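Values in this text are rule-based calculations from the coordinates and carry no lab data. All figures in this text were calculated on a predicted structure; none of them were measured in a lab. All Cβ positions, even for glycine, are placed from backbone atoms using ideal geometry, and neighbour counts span all protein chains on display.
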Amino acid sequence: MKKIISALLIISIALINTGNAFALDQNSNAKEECKVTVRNFHYEKVTDVIKSNLDVPNIIGLKNLRIQRKINAMFIKDIFSFSRRIEKMALKAQKDGVLRNPYEAYTRFKVAFNCNCILSIPVTFYEYTGGAHGNTVIKAYNLNLKNGKTLGYKDIFKKGFDYKTIIVNEIQRQIKENKNDIPYFDDALDTVAKFTDEQPFYITSEGLVVYYGLYELAPYVAGIQEFTIPYSLLKDGLNEDLIKP
């Protein structure tokens, strides 16, 4: 029964207002069929074992309703799966007699880029499952609204363009510049030098924001480390069909 209810919830939210076209303040270069508004579907659940406080992106206005439903269903699935995972852990802890306080599952998001058929939304997932502090992870959704597919580095840059060297050099430069303010680990520069296409990023109007999780480059107290790679460094290799700085 729970699985049926969850499935119905996903379908119903994904279908909300799929036929409506809301007014949107968009970049003039944006293509009409890709203009979308991003709304916040907010969900809360508070019990003896779990505190869920979820912000879920929900897009409306996309002319291709199949792609719109696909994207909305993805957000719902990922965020509610995260919340259910924490709740299951809490129920097990309660059963084992080790639950001291309710576990917590929070999500927040921002619309980092919404232009020219590209939508970039970093979603912050926070969980608390006991201990001294919680854990925070960012998952970035970089989407081509023409087809609903996720964008990677190789989609954003022209074939043969050496974006990796530019990104690594710029991140290392910023680390050196800020080392007196941020307690980077001694091997932070070496970690950055191992950059791969799996390194998460999101898109803004200023540049690509490449980020590293907790403990990857610095202690927990320093937080998630984000580095903006300005388009001025990348402009020669950008796929201008997607991004026009």
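Quick rundown of the values:
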read-out: Neighbour cut-off at most 15 other Cβ (10 Å), DSSP loop, GluC sites (Glu not before Pro), segment 122-221; value: Glu198, Glu206, Glu216
read-out: Kyte-Doolittle at least 0.0, axis length at least 18 Å by Cα - qualifying DSSP helices, the chain; value: 2-15
read-out: Alpha-carbon spread of segment 153-237, three principal axes, descending order, Å; value: 37, 23, 18
read-out: Segment 65-163 shape via C-alpha gyration tensor axes, a/c threshold 1.5; value: prolate
read-out: Hits among aspartates and glutamates - C-alpha to C-alpha of Lys154 under 18 Å, sequence gap 8 or more where chains match; value: Asp162, Asp197, Glu198, Asp236, Glu240, Asp241
read-out: The chain: Cys lacking any partner C-beta under 4.7 angstrom; value: Cys115
read-out: Segment 137-154 versus segment 32-93: alpha-carbon centroid distance in Å; value: 16
read-out: Read-out P(r) over Cα pairs in 10 Å bins from 0, in percent, derived from the coordinates shown; its label in [x] 7, 27, 33, 22, 9, 1; [y] 7, 26, 30, 25, 11, 1; [z] 7, 33, 39, 17, 3, 0; value: [y]
read-out: Pairwise FRET efficiency - Val221 versus Asp78, Cβ, R0 = 25 Å, nearest 0.05; value: 0.35
read-out: Positive minus negative residues near Glu104 (Lys, Arg vs Asp, Glu; Cβ under 9 Å); value: 0
